[in-house]
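First the structure, in the form of structure tokens, and then the observations on it.
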Amino acid sequence: MKTDLFEDSESFHRIDLADADIVCYPQFFQSSEADLLFQTLLTQLAWSQQRIRVYGKEYNEPRLTAWYADAGKCYEYSGLRNSGLAWQPVLKAIMARIGTVSAADFNSVLANRYRNGSDGVGWHADDEAGLGPVIASVSFGQERCFQLKHKTDKSLKKSFILPHGSLLIMQGKTQDNWLHQLPKSRKVMTERINLTFRYVS
């Protein structure tokens, strides 16, 4: 896949893909602000490594996670049932900032911590029952390659870099028609934190 790196830091970019509605803000948070948020998230979130079930077998997730949500909300994926932790102020602040460009309502966030290039997440769609159609994904730390492929048309693929402080919004029918992944890499990489804000019914 060809990889694109967005250059314009002062505007958003609409990703030109059939059957999808995706927008990227390459520098949603300026560098100094993103640095501070990254360090705060590293130290304040309740990171853990969970066991997931894939095709009937259990594995350690190849990343650390923490799930925060409004009281009483639960989220299930890969055989895991997560009950939301109480919101941290830093997460509320980031969510409020996203609200300046997205009209969507969110009541949860899945935090992912990729410790190095050996951590990643394979092909999937965030289409579990009960998830709203809008996902706002914020990235801090090591820039990583984000890949998409159409569920039925094998010729449709896209790959681009998610920089430090970027915001990616996937909405509409994107999860119905596309898979995405953050592939592992053999390159030497430092830590990355990704926050995916969602609405869980």
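Observations on the structure shown:
- Under the Debye formula (equal points on every Cα, no solvent term), log10 I(q)/I(0) of region 28-108 at q = 0.15, 0.16, 0.23 Å⁻¹: -0.69, -0.77, -1.17
- Sites Asp153 and Ala71, calculated FRET efficiency, Cβ-Cβ separation with R0 25 Å, nearest 0.05: 0.05
- Gaussian network model of the chain, Cα within-10 Å springs - most flexible of Asp153, Asp176, Asp19: Asp153
- Modelled this way, with points 7 Å down the Cα-to-C-beta line, the labels at Asp105 and Ile161 are 3.9 nm from one another.
- Placing +1 on the Cβ of every Lys and Arg and -1 on the Cβ of every Asp and Glu, with no other charges, gives region 64-130 a dipole of roughly 320 debye about its Cα centre.
- Listed candidates [x] 136, 30, 24; [y] 57, 45, 24; [z] 43, 38, 37 - label of the one calculated as Cα extents along the principal axes in Å: [z]
- Each Lys and Arg adds +1 at its Cβ and each Asp and Glu adds -1 at its Cβ; summed about the Cα centre, the chain shows a dipole of about 740 debye.
- Which of Asn82, Leu167, Leu195, positive extreme of dipole for the chain (C-beta unit charges): Asn82
- Charge dipole of region 22-96 (Cα centre as origin; +1 on each Lys and Arg Cβ, -1 on each Asp and Glu Cβ, all else neutral): 300 debye, rounded to the nearest 20.
- With both labels modelled 7 Å from their Cα along Cα-to-Cβ, the Ser201 to Lys92 distance reads 2.8 nm.
- Note on His124: accessible area is roughly 50 Å² with a 1.4 Å probe, heavy atoms of protein only.
- Reachable lysines, given that their alpha-carbon falls under 27 Å from the alpha-carbon of Lys149 and they are not under 8 places away in the same chain: Lys2, Lys57, Lys157, Lys158, Lys173, Lys184, Lys187
- Relative contact order, whole percent, for the chain stands at 30, derived from Cα pairs under 8 Å and 6 or more residues apart.
The values are calculated or read from the model by the stated rules, or taken from the named source; none is laboratory data. The shown structure was predicted, so the numbers you read here are calculated from the model rather than taken from an experiment. Because the Cβ atoms are built from the backbone with ideal geometry, glycine has one as well, and the counts that use them run over all protein chains shown. When the accessible area is computed, the model is the full protein with side chains, heavy atoms only, and any ligands, DNA or RNA have been set aside. Shrake-Rupley method; radii C 1.70, N 1.55, O 1.52, S 1.80 Å.
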